[in-house]
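> Handing you a structure now.
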Amino acid sequence: MDVNEFRKYGHQLIDWIADYYDNIGDYDVLSKKLPGDILNSLPKSAPEKGENFDEILNDFYKIIMPGITHWQHPKFFAYFPSNTSFESLLGEFLTSALGPIAFSWQTSPAAAELEETVMNWLRDLIGLPSNFQGVIQDTASTSTLVSLLTAREKYSNYAINKIGSAYSPNYRVYASEEAHSSVEKAVKIAGIGADNFIKISTNDDYSINTSELNYAIRKDLMQGKTPLAIVAALGTTSSTAMDNIEEVGNIAAKYGVWFHVDAAYAGSALILPEYRHLIKGIEKVDTFVMNPHKWLFTNFDASAYFAKDKNALIRTFTLLPEYLKTNHDDKVNNYRDWGIQLGRRFRALKLWFVLRSYGLEGLQDKIRFHIKLAEKFENFINDDIDFEINAPRTLNLVCFRFISDSLSNNELNQLNEQLLNNINSTGKIYLTHTKLNGKYTLRFVIGKTYVTEQDLHESIQTILEQKELLKAKVTINSETF
Ligand SMILES: *Cc1c(COP(=O)(O)O)cnc(C)c1O
């Protein structure tokens, strides 16, 4: 492809993307393809000779698009959103065009200094103390791993980096039963061992039970184990339950344990002053992660990781072979030393576009709107005697299920699974589920950038229709239950 063809196809694709966003509501949210469908439509080996770009694009429309689940569809209510915005798409486009590998300041001074700037902006927007320093990682999973590795090194006086597992203080890491799976993964990768990951039970609202946490740490100390770190969840993945940061922080301080906060999803809500109380006690936190790529209109990937002790972070990850030395190393941020990868994408650009184009007020309006829609959905569930709420709604996620007096929990679990499958196979909306306290629970998260109130009403209609169909079937087959 030469530059003129690039110009031609570039314009064409921008138009295609604009049309896609205009008409995205016409697609089935969830792809209807079956396992192997796409694989069987693709050649088994790469082409010998270069192909015409029109033909390649045709196959993209014909083969790839039908196998896409539309994450930016306004009626995608599954998982947590990973929303984009036009500003962010344009930033990403420029990042790929420039293609810098932003590992040292010198490899693109603007990339390093813009990253420092937007991370400071974001820190202040979400109300973290000014002694936190930020760096953009790819995902919250990586951020949490970076946090635990830093804890491991700081608390072992950097011995494990040096001599490996011969230094073995039997570290223990604590998080609630509702913590994200990435925490356990990080514990395993960091060499601490899944058996030393202690899952603490939760309160009725699914937040961590701090007396159980305190008890578990005391017990470990009595048995000669070494409590290393607590990971609190600010917004669990199942139900956005909020661990009490102040209470957990007091326990971390009492035992001198590292304290990481996983606010991957809910962190974005902290730009609203009315939710700032959630991080009361934040000064006791060592590291904090939130994902602009989830609910801050910045397309995947962009995970904002903040650390109070920048030196411990850098000392954990730095290596300075001759070929990486530059003249300014003592004056600048070389972000390769702030995490795992050497090669890093210039992600600050898209975040800068988003923060500037929306402004604080624009971001706040969107997030408040999403929470308001969730409140309306919650009211709908509360007003329908066939449904119940399964967990307190803290932000824009509503956990609910179908209920019927005459049915056992097992029967209800089966029925709710069926309801979910029926709803999703309409193609009109997409929800996922979780289990809370043994109850099969449907999750409804409203956080797409361009979702409207009309989308909500239509989605409620879809849910009602499917519920009525299911109810009719239950009544007919009532003797089978
Ligand atoms: C989504 C999520 C994660 C994982 O985020 P990635 O960026 O995909 O690694 C971790 N913790 C919580 C609470 C989450 O909601």
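Read-outs throughout are calculated quantities, based only on the coordinates presented, and are distinct from any laboratory measurement. Since this is a predicted model, take the numbers as computed values, not measurements. Virtual Cβ from ideal backbone geometry, glycine too; neighbours counted across all protein chains shown.
> What list of ³J(HN,Hα) values in whole Hz, one per residue of the stretch 177-192 in order, does the Karplus curve 6.51 cos²θ - 1.76 cosθ + 1.60 (θ = phi - 60°) give from phi, with Gly and Pro shown as x?
Going residue by residue, I get 4, 8, 4, 5, 4, 5, 5, 5, 4, 5, 4, 5, 5, 6, x, 7 Hz, with x marking Gly and Pro.
> Let me ask something additional. In percent, what relative contact order does the stretch 340-449 have, based on Cα pairs under 8 Å that are 6 or more apart in sequence?
22 percent
> Continuing with the same structure: Please list the non-local residues whose amide H lies under 5 Å from the amide H of PHE103, H modeled 1.01 Å from N, same-chain partners needing a gap of 5 or more.
It is ARG344, by chain and number.
> Here is a further query. Determine the equivalent ellipsoid of the stretch 162-276 by diagonalising the alpha-carbon gyration tensor, then write out the semi-axes as square roots of 5 times the eigenvalues, largest first, rounded to whole Å.
They are 25, 16, 13 Å, listed largest first.
> Show the residues, 5+ positions off or on another chain, whose built amide H is closer than 5 Å to the amide H of LEU296.
Answer set, sorted by chain and number: ASN83.
> If every alpha-carbon in the stretch 1-137 counts as one equal scatterer, what log10 I(q)/I(0) does Debye give at q = 0.14, 0.15, 0.18, 0.20 1/Å?
With one equal scatterer per Cα and no solvent, log10 I(q)/I(0) is -1.00, -1.09, -1.23, -1.28.
> Still on this structure, please answer the following. Contour minus end-to-end for THR318 and GLU468, with contour as 0.36 nm per residue of separation and end-to-end as the Cα-Cα distance?
Difference between extended and current length: 48.0 nm.
> Could you check the spin-label model distance between THR426 and GLU113? Points 7 Å from the Cα along Cα→Cβ, value in nm.
About 5.4 nm separates the two model spin labels.
> Also: I want the local charge near THR434. Using Cβ-Cβ distances under 13 Å, sum +1 for each Lys or Arg and -1 for each Asp or Glu among the other residues.
Details: positive: ARG401, LYS435, LYS439, ARG443; negative: GLU177, GLU178, GLU417.
Net of charged neighbours comes to +1.
> Quick one: in the stretch 38-114, what % of C-alpha pairs are over 18 Å apart?
Details: 1987 of 2926 pairs.
Value for the stretch 38-114: 68 percent of Cα pairs lie more than 18 Å apart.
> Residue separation times 0.36 nm, minus the C-alpha to C-alpha distance between VAL332 and ASP386: what's the value? List each step's numbers first, then the result.
Values: separation 54, 0.36 × 54 = 19.44 nm, distance 5.99 nm.
Gain in length upon complete extension: 13.4 nm.
> How large is the dipole of the stretch 321-451 about the Cα centre if only Lys and Arg carry +1 and Asp and Glu carry -1, each at its Cβ, rounded to the nearest 20 debye?
Computed about the Cα centre, the dipole is about 760 debye.
> Over the chain, what is the percentage of antiparallel beta bridges among all DSSP beta bridges, to the nearest 5?
Numbers: 23 of 40 bridges.
Within the chain, antiparallel bridges account for around 60 percent of the total.
> Can you list residues from other chains, or at least 5 along the same chain, whose modelled amide H is less than 5 Å from the amide H of PHE387?
Residues meeting the criterion, in which the H sits 1.01 Å from N, are ILE403.
> Over 24 Å between C-alpha atoms is what I'm after, so list which of LYS366/LYS439; LYS188/LYS280; LYS154/LYS254; LYS284/LYS325; LYS44/LYS185 land there.
LYS366/LYS439; LYS188/LYS280; LYS284/LYS325; LYS44/LYS185
> Please quote Rg/Rh for the chain to two decimal places, taking the Kirkwood radius as Rh and restricting both calculations to Cα atoms.
Numbers: Rg = 24.3 Å, Rh = 24.5 Å.
My calculation puts Rg/Rh at 0.99.
> Between the stretch 372-409 and the stretch 126-185, how far is it from one alpha carbon centroid to the other, in angstrom?
One Cα centre to the other: 36 Å.
> Which residue, chosen from SER268, ILE198, ILE208, occupies the Cα position most advanced towards the positive end of the dipole of the stretch 167-283, where the dipole is computed from +1 (Lys, Arg) and -1 (Asp, Glu) charges on Cβ about the Cα centre?
ILE198
> Would you calculate the separation in nanometres between label points at TYR21 and ARG7, each defined as 7 Å from the Cα along the Cα-to-beta-carbon direction?
The answer from the label model is 2.4 nm.
> Near LYS331, which lysines are there with a Cα under 16 Å away, not counting those fewer than 8 places off in the same chain?
Of all the lysines, those that pass the test against LYS331 - Cα under 16 Å, at least 8 places apart if same chain - are LYS310.
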